[in-house]
1. How long are the three semi-axes of the equivalent ellipsoid for region A:128-239, computed from the Cα gyration tensor as the root of 5 times each eigenvalue, in whole Å, largest first?
2. Restricting the count to DSSP beta bridges whose residues both fall in region A:1-126, what percent are antiparallel, rounded to a multiple of 5?
3. Quick one: putting +1 on the C-beta of Lys and Arg, -1 on the C-beta of Asp and Glu, what dipole do you get for the protein assembly as shown around its Cα centre, in Debye to the nearest 20?
4. For A:VAL68, what residues show an amide H to amide H distance below 5 Å, using hydrogens built from the backbone and excluding near sequence neighbours?
5. Please figure out what share of the DSSP beta bridges in chain B is antiparallel and state it in percent, rounded to the nearest 5.
6. Find out how many positive minus negative residues lie around B:ALA43, taking Lys and Arg as positive, Asp and Glu as negative, among other residues whose Cβ is under 10 Å from that of B:ALA43.
7. What is region B:23-76 by shape, rounded, prolate or oblate, if you read a ≥ b ≥ c off the alpha carbon gyration tensor as root eigenvalues and call it rounded for a/c under 1.5, prolate for a/b larger than b/c, and oblate otherwise?
8. By counting other Cβ atoms within 10 Å of each Cβ, how are A:VAL38, A:VAL47 ranked from fewest to most?
2 protein chains.
Amino acid sequence: VSRSRAEAAPSFIYVPELGARGDELVLGTEESHYLARVCRARAGQMVSGTDGRGAVARLTLISVRPQVRVRLDAIEHEDRAREAVVWCGAPEGARADCLVEKLGEFGISALQPVDCARAAWRITGARRARWQRVAISALRQSRGSRLMLIEPPLPLAAALESIPPGASRWLADPGGSPGQRPGPGRLSIGAVGPSGGFSPDEIALLQSAGFTPIPLASVRLRSETAALAWAAWWAAGAD
Amino acid sequence: VSRSRAEAAPSFIYVPELGARGDELVLGTEESHYLARVCRARAGQMVSGTDGRGAVARLTLISVRPQVRVRLDAIEHEDRAREAVVWCGAPEGARADCLVEKLGEFGISALQPVDCARAAWRITGARRARWQRVAISALRQSRGSRLMLIEPPLPLAAALESIPPGASRWLADPGGSPGQRPGPGRLSIGAVGPSGGFSPDEIALLQSAGFTPIPLASVRLRSETAALAWAAWWAAGAD
């Protein structure tokens, strides 16, 4: 978290439709507020932006009033060397808000809520909208180029059918062997049980689908804490 | 987070003054509510409890009304093989609430708020009281025997003077070498800068005090996220 470089760096915004070089863009409400009020940016200033799908652009702020307008000076596409998806059973209460924020900061590609025998997700429209705002804020904070996707919940069996070939698979489980590293694979999937844990049948299903048990701590963790711990483990294994 | 054992296990409570074998105890408001309402425990049931300072007791619930009373059947003291303290600069806004909860779950011994050149803590009495409740709830959840201490803030220089000999020292810093492990030392200290980062002077001070830079992710993390990532790294290195 040494931010000397980051502080010198231009403000960083999320612009879903970046367009091409030379284009002028009118920013949406949220990003306009962020640039004008939070960053107190002024006309003429350089800004960076991402479309959250891998493109990063250098922008110039043209005007703050009546609308926040930027000009796109240059754009490039960032490849992603490694990628992680978190499967998570439903935690208790509103605890998933913190989960979305932190997974976004760690650069997780997608959160896949998983409905399990012992707990199912209940995601209201308001909650989904809040998570989207939190994910965008985490993207800005980490100056990433990929917005974390928050998928609709899937039953575990359906999630298992969606795994692309070659993905490394990890099951948060106190019984696993410590000291493992994420490995060189491009895509890693981390599966974490709901409040109440995966059922024995679900654990058997995951293990037969190639999920390797990995202990994240010697103590009992809440679901969302285990998901964060897995994401931290993945993020630290980037060498 | 496989909880089959935990579910079969008795309810777990925090009792600051456990007393000795044969003693009868009247529980405080918070633990009474937790046992009677959250766990729906009934007279005759077995309960586990800790004083948060290493003692764990087997208790029997004697009565729920008019007061929640327990009898202490057995007590033992758990030694602690390893211990971690997190030094953390002030994060933005109310973000420290999530920090306290997760550090408590990872079994961190103490959170030492550190006042830095770029940010100082402002901790109201209400905030401190809330953190204490959050730490107790994390202790119950993880069924630990040590309540995380939340120390009053110290200036960085004063914190440096308080380090016991032999402690391993880590500085969250994107420039460090990846792949490091906590090592066999009994006490580990992880230092994380405030929102805005440690100043160059502070980083030099920490490095001259033997703090090894460790990168927790290849992306920029918020202070409290870096502190969680360090705690997860420490918790996973328990072998």
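1. 23, 17, 16
2. Among the beta bridges of region A:1-126, antiparallel pairing accounts for roughly 65 percent.
3. 780 debye
4. Those qualifying (amide H under 5 Å, at least 5 residues apart or on another chain) are A:LEU27.
5. Around 40 percent of the beta bridges assigned by DSSP in chain B are antiparallel ones.
6. Neighbourhood net charge equals +3.
7. Judged from the Cα gyration tensor, region B:23-76 comes out prolate (a/c at least 1.5, a/b above b/c).
8. The most exposed by this proxy come first: A:VAL38, A:VAL47.
Each reported figure results from applying straightforward, stated rules to the coordinates on display, with no laboratory input. Quantities reported herein were computed from a predicted structural model and do not represent experimental measurements. Note: ideal-geometry Cβ built from the backbone for every residue, glycine included; neighbour counts use all protein chains shown.
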